[in-house]
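Undergrad: Here you go, one structure.
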Amino acid sequence: MKHAQSQALFARAQARIPGGVNSPVRAFRGVGGDPVFFKEGSGAWLTDVDGNRYVDLVGSWGPLILGHAYPPIVEAILEAARRGTTFGAPVAAEVEFAELLCATVPSVEKVRLVSSGTEATVAAIRVARGFTGRDYILKFEGCFHGAGDPFLVKAGSGVETLGLPDSPGVPSALAALTLTAPFNDLEAVERIFNEKGKDIACAIIEPVVGNMGVLVPRPGYLEGLQALCQKHGVLFVLDEVMTGFRLARGGAQELYGLKPDLTTMAKVVGGGMPLGAYGGRRDIMAKVAPEGPVYQSGTLSGNPVAVAAGMACVKALAAPGTYSRLEHLGLLLEEGFRAEAKAAGVPVTVNRVGSMLTVFFTAEPVFDYASAKKADTAKFGRFFHAMLQEGVYLPPSQFEAAFVSLAIGEPEVAHVLAAARKAFRALGDA
Ligand code: PMP
């Protein structure tokens, strides 16, 4: 497989775009080598600028649950664009979309549309602070909520350690307001809430983590967190940017029976266009300007083209059998990866919920940040490149989720598992 055109483009890109990419993880730093540039996607398949074809298990990091260029979404986009791409004024489709979102995710009584997941999480935190009058937030180690300042904080060694900025440019005074706890550890949350609960506006969590690779919540963990939040008057914010409309039509909150105070969404809800949303309890959302004093705005918010794509996507997901099919495909891949790794003598742990999946290169269970960090990233890098060579595009990092789309059929599953057989064998022989 040749990548001459991709390499030439990457060389040009590096001269004019920081790191050659418009979002860091695209640059293959986690696996080595140069990124692949794509020119086309159709259904489950991607074609790169050199003409190589791949089964896509990234799906643009989650949005493409229906596959690339899904015809009803493309039609909806074209039809909306012909009527004008933006008005900066209300349109009927926004109202219809808000009604559809509230009907699909019952904890969301009122919703505000934005243009990305980061905008949604940043706004949700501001609203939580504005509503409670408290300044601290709690997040969980290894969870990612976008590139907003309050989230670029990593855990110190102890759970009570105050946040340290993870990136230059985030003032330490702001980072200090972000507390962190390990995922899947309720006692740690209890300790933090007992000490500081009265000053904490909200706890924000990925219900199923995708951003440390897939971490599965232990039975009772999310329900326990919700109960602790209620006890301490801390708002429970579910970041469903990855899980919304993916794990169930009503998201992880439907799957696990949760009722968050606020929910953030993006990715699938926008059908592959730049669209995010945050919403929740009516009394909390009443704080958002112009109904209330908490300011948040966007020139392209509720953009009619993005709304048309989102509407087409969310409506398509109502088809009977959607989520049982995703579960079936996910299970085939999970069992297939595990069997091929075992046959090749390569120790792995496969974590999966529905159509989100990660093959960790470690024999140990992976359930939090510390256990995920034990995975052998060099081995993952070799596996990634072997899979790429065989025509399978995986997320270029051990610490990201692979996403299954509805465009994948039995032939694609067979293609992926045949590639995995070769890739694991090459690792086993090394
Ligand atoms: N929250 C979660 C859980 C995410 O996975 C992401 C992006 N991967 C974000 C927020 C940020 O979304 P965006 O990239 O659309 O800003």
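Just so you know, all these numbers are worked out from the coordinates, no wet-lab data involved. Quantities reported herein were computed from a predicted structural model and do not represent experimental measurements. Every residue, glycine among them, receives a Cβ derived from its backbone with ideal geometry; neighbour counts consider all protein chains shown.
Undergrad: What ranking of Asp239, Asp261 emerges when the number of other C-beta atoms within 10 Å of each C-beta is taken as an exposure proxy, fewest first?
TA: Asp261, Asp239
Undergrad: Spelling out what I want: for every residue of segment 234-239, take phi, set θ = phi - 60°, compute 6.51 cos²θ - 1.76 cosθ + 1.60 (Karplus), and round to whole Hz; glycine and proline get x.
TA: 9, 5, 9, 10, 9, 8
Undergrad: For segment 1-63, go through all pairs of different Cα atoms, get the mean of 1/r, take its inverse, and jot down that Kirkwood value in Å.
TA: It works out to 12.4 Å.
Undergrad: While we're on this one: What are the residues whose amide H is under 5 Å from the amide H of Thr180, where those residues sit 5 or more places off or on another chain and H is modelled from the backbone?
TA: Lys139
Undergrad: Also: Can you return the aspartates and glutamates within cross-link range of Lys374? Criterion is Cα-Cα under 16 Å, with same-chain partners fewer than 8 residues away left out.
TA: Glu141, Glu364, Glu400
Undergrad: Could you pull the Rg and Dmax for the chain, using just the Cα atoms, both in Å?
TA: Radius of gyration, then largest Cα-Cα span, for the chain: 21.3, 64 Å.
Undergrad: Can you run phi through the Karplus equation (6.51, -1.76, 1.60; θ = phi - 60°) for segment 242-249 and list ³J(HN,Hα) in whole Hz, with x for Gly and Pro?
TA: Once rounded to whole Hz, the list reads 8, 8, x, 6, 9, 7, 6, 5.
Undergrad: Based solely on its DSSP helices, what 222 nm [θ] is calculated for the chain when runs of n ≥ 4 H residues each add -39,500 (n - 2.57) and the sum is averaged over all residues, nearest 500 deg cm²/dmol?
TA: -12000 deg cm²/dmol
Undergrad: Taking amide H atoms as placed 1.01 Å from N in the peptide plane, list the residues 5 or more away in sequence, or in a different chain, whose amide H sits under 5 Å from that of Ser115.
TA: Gly276
Undergrad: Would you mind putting 336-348, 80-92, 307-319 in packing order, based on average other-beta-carbon counts within 10 Å, highest first?
TA: The peptides rank, most packed first, as 307-319, 336-348, 80-92.
Undergrad: For Lys422, list the lysines whose Cα falls under 22 Å from its own Cα; do not include residues on the same chain fewer than 8 positions away.
TA: Qualifying lysines at Cα under 22 Å: Lys2, Lys342, Lys379.
Undergrad: Report ³J(HN,Hα) in whole Hz for each residue of segment 208-220, in order, from the Karplus equation J = 6.51 cos²θ - 1.76 cosθ + 1.60 where θ = phi - 60°; Gly and Pro get x.
TA: Once θ is set to phi - 60°, the couplings for segment 208-220 become 10, 6, x, 9, 10, x, 6, 10, 9, x, 5, x, x Hz.
Undergrad: Roughly what % of DSSP beta bridges within the chain run antiparallel, to the nearest 5?
TA: 60 percent
Undergrad: Taking the alpha-carbon centroid of each part, what is the distance from segment 96-157 to segment 190-217 in angstrom?
TA: The distance from the Cα centre of segment 96-157 to that of segment 190-217 comes to 13 Å.
Undergrad: Related question: Any chance you could check the Cα centroid distance between segment 292-342 and segment 222-239 for me, in angstrom?
TA: First find each Cα centre; the distance between them is then 25 Å.
Undergrad: In addition: Which residue, Ala188, Ser116, Phe38, has the largest displacement toward the positive end of the dipole of the chain when charges sit on each Cβ (Lys, Arg +1; Asp, Glu -1)?
TA: Phe38
Undergrad: Enumerate the amide H contacts of Val209 below 5 Å, restricted to partners 5 or more residues apart or on another chain; note that Pro and chain-start residues carry no placed amide H.
TA: Residues meeting the criterion, in which the H sits 1.01 Å from N, are Leu215.
Undergrad: Which one of Ala289, Gly213, Gly197 has its Cα pushed farthest toward the positive end of the charge dipole of segment 71-316, where Lys and Arg give +1 and Asp and Glu give -1 at the Cβ?
TA: Result: Ala289.
Undergrad: Let me check against my output: what whole-number percent is the relative contact order of the chain, with C-alpha pairs under 8 Å and at least 6 apart?
TA: Relative contact order, the chain: 22 percent.
Undergrad: Given +1 on the Cβ of Lys and Arg, -1 on the Cβ of Asp and Glu, and no further charges, what dipole in debye does the chain carry about its Cα centre, rounded to the nearest 20?
TA: It works out to roughly 440 debye.
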